[in-house]
Amino acid sequence: MRIVGLTGGIASGKSTVTAQLQSHNIPVVDCDMIAREVVAPGTPALAKISSTFGNQVILPNGSLDRAALGNIIFNDKAQNAKLGKIMGSAIQKQIFWQVFQAFFAGAPLVVIDAPTLFETKSLISMCGEIIVVAVDKGVQLQRLMARDQSSEQEAMSRINSQLPMKMKIEHPNTTEVIVNNGTRDELKRSVHNVIARLQARAGLLHRLLTLPGMLLLVGAGGVLYSYSRL
C-alpha cells in the first residue's frame, strides 16, 4: 500500500482536494478531525489533559475548554510540550489505526491529510509520496479574507504564522505540487492527473503490498517452498 501525505497552506484549497480524492475512493486520514475526536468527552486523552492542567480546562458539559487550555499553554513552552506529548501520542495511534484499516481493506493508496506535516515532521518518514496544495500569496490572502471575514492584517498574520509555501514546495520529500490559483474545474483536472501519476508510480509491488496481496505472496512463497523441497 502506498501512503501519501497531503499538506498545504491555509485557504489553499486542501479540503477541496481531499474531497476529490475521496470521490475517487481513496481513503483519507484527516488529522484535524482526529485531533478533535481524541479529546472528545470520555476519551483517555481528555482525562490526561484534565489531570495535567486541572479541571478548569473542562467545560460543565464535559468537553474541552479550548480557550482556557489556550490561555495556559500560550507562550509557555513547557506547558505546550506537555500538551503536545498527550495529543501527539493519541493522534498518532489513531493515524496508524486508520492506515491499518485501509491496508486491511486492500486499498492501493491511502492519504494522510496533515496541515502541519512538514512542521511536526513525525509523519514524513511514513509517506512514500507527499502532495503540496499550493497557492499564490495574493490569491491565498483574498480567499482567507473572504472565508473568515477578516481584515487584511489579520489574514496576513495567519498566513505568515505558517511555514512558507516555498519551503513546502521545495522540500526534498515533496513529490507532487497542485497549484490551485484557478477555477474548481482546473483543480479537479489537476487532482485527476496527480491520482493517475501516483497510481502509476505505486506499480505492481505496492498493489501487492496490501493484505490480500500479502496473503497472495505468502501463498506463492509456500508453493515455491514446496517445489524447492521436491
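Numbers for the structure displayed
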item: Residue among S15, S50 that is surrounded by 13 or more Cβ atoms within 10 Å (Cβ to Cβ), farther than 25 Å from A200 by Cβ and over 14 Å from the mean Cα position of the chain (by Cα); result: S50
item: Tabulated pairs, region 78-99, first surrounded by 14 or more Cβ atoms within 10 Å (Cβ to Cβ), second aromatic (F, W, Y), C-beta under 8 angstrom, 6+ apart or interchain; result: Q79/F53; K82/F53; L83/F53
item: Hey, V99 closer than 17 Å to T18 by Cβ, in contact with a strand residue (DSSP E or B) (Cβ under 7 Å, 6 or more places away or on another chain) and at pLDDT 95 or above or not; result: no
item: Residue list for region 120-142, restricted to those being closer than 21 Å to T183 by Cα, within 24 Å of the chain's Cα centre (by Cα) and open to solvent by less than 70 Å² (accessible area, probe 1.4 Å); result: I131, V132, V133, A134, V135, V139, Q140, L141
item: Residue list for region 176-203, filter: polar (S, T, N, Q) and modelled with pLDDT of 95 or more; result: N180, N181, S190, N193
item: Members of region 156-181 found to be part of a helix (DSSP H, G or I), touching a residue at least 60 places away in the same chain (Cβ under 8 Å) and open to solvent by less than 60 Å² (accessible area, probe 1.4 Å), listed by number; result: I159, M165, K168
item: Checklist (1) among the hydrophobic types (A, V, I, L, M, F, W, C); (2) surrounded by fewer than 17 Cβ atoms within 10 Å (Cβ to Cβ); (3) over 22 Å from the mean Cα position of the chain (by Cα) applied to I58, failing item; result: (2)
item: Positions within region 1-53 being among the basic types (K, R) and under 12 Å from V133 (Cβ atoms), in sequence order; result: K14
item: Pairs, first of a type in the set (D, E) in region 47-70, second open to solvent by 90 Å² or more (accessible area, probe 1.4 Å), C-beta under 8 Å, six or more apart; result: D65/Q56
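The values are calculated or read from the model by the stated rules, or taken from the named source; none is laboratory data. This structure is a prediction, so every number in the text was calculated from the model and none was measured. Note that we place each Cβ from the backbone using ideal geometry, even for glycine, and neighbour counts take in every protein chain shown. Side chains included, ligands, DNA and RNA excluded: accessible areas come from the protein's heavy atoms. Shrake-Rupley method; radii C 1.70, N 1.55, O 1.52, S 1.80 Å.
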